[in-house]
Amino acid sequence: MKRPIILLTTSMCLALTGCDRDSDRGETSPDIRAAEPEEGVARDVGTMRQEDTAREGTARQGTPSTDNMPAEREASEASDDAAEARQLVKDAAATLGQMKKDSRLKELISRAKGVFIVPKYGRGAAGIGASGGEGVLVTRQQNDWSNPAFYDLGGISVGAQFGAEGGEIAMLLMSDDAVNAFKQDSQFSLNADAKLTLVDYSALAEATTLGDDADVVFWSGTKGAFAGISLSATGISWDDEENPAYYGKPVTASDVLTGKITGPKGELQQALSGL
């Protein structure tokens, strides 16, 4: 009986010794080693997912967002409109400087309740009226002038001539009725239907009253531009783009022309200073 016990004991010791050696070498049992590949695959998949997420985040960061593109485009357009409005004021001031060289016209301006200047007026064609342009208006405020208001002008018809030639033009608003016509935000016309008297400045050269009975006096840098029996300015409308762009906020025609909108004097107001 002693020998089998010794053999059994020896076998158990050898088995335990083998396990210790495997443990020392960092080896694991077959069952554990069989499970390891699945864990490794799981770890690889998780790592891949993390890498994909990181790449997607980087791609999103590197791609410009389209959410702000409409706002950026609107801001850019508003900036362009503001620049055009400022240039229009400068051009109108230059036109006014030319007008002031005529002493009789300068006197007429000093009596006007408003001055509407279109520095670059389009050239018309017989039978279809004249193409229009952009204009700026300032109105008298006691001893000062209002800030500029911006309008689009559809065209001017001059009796049988059916349209004025291109160049610099201005309308001197001599009455409150003429000024009030510009205070509306909708499109309007200056003609007999508006119960306004419109005259050509060149026709006043020999007159002694100098437009005392006129609501609107038309002037042009092009000689004979308004030669005709009757005058009519049509399609005048408040510029919905340049006005808010120039002031940086929504404004109405009435607010600007009545002096509610205040600000530093621009070139046009300075050119009218003292008149």
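Against the test of being modelled with pLDDT under 85, of a type outside the set (S, T, N, Q) and assigned by TED's automatic domain parsing to the domain that holds Ile236, the options Gly132, Gly154, Gly114, Gly97 yield a single qualifying residue, Gly132. When every residue of region 67-83 is checked against the conditions, none turns out to be modelled with pLDDT under 55 and surrounded by 10 or more Cβ atoms within 10 Å (Cβ to Cβ).
Within region 97-119, being closer than 13 Å to Ala271 by Cβ and touching a Gly at 6+ places or on another chain (Cβ under 9 Å) holds for Gln98, Met99, Ser110, Ile117, Pro119. The condition (being out of contact with any Gly (no Cβ under 8 Å at 6 or more places or on another chain), at pLDDT 85 or above and loosely packed, with under 14 Cβ neighbours inside 10 Å) is satisfied by just one residue among Lys195, Lys183, Lys223: Lys195.
The values are calculated or read from the model by the stated rules, or taken from the named source; none is laboratory data. Worth saying up front: this structure is predicted, and the values here are computed from it rather than measured. Every residue, glycine among them, receives a Cβ derived from its backbone with ideal geometry; neighbour counts consider all protein chains shown.
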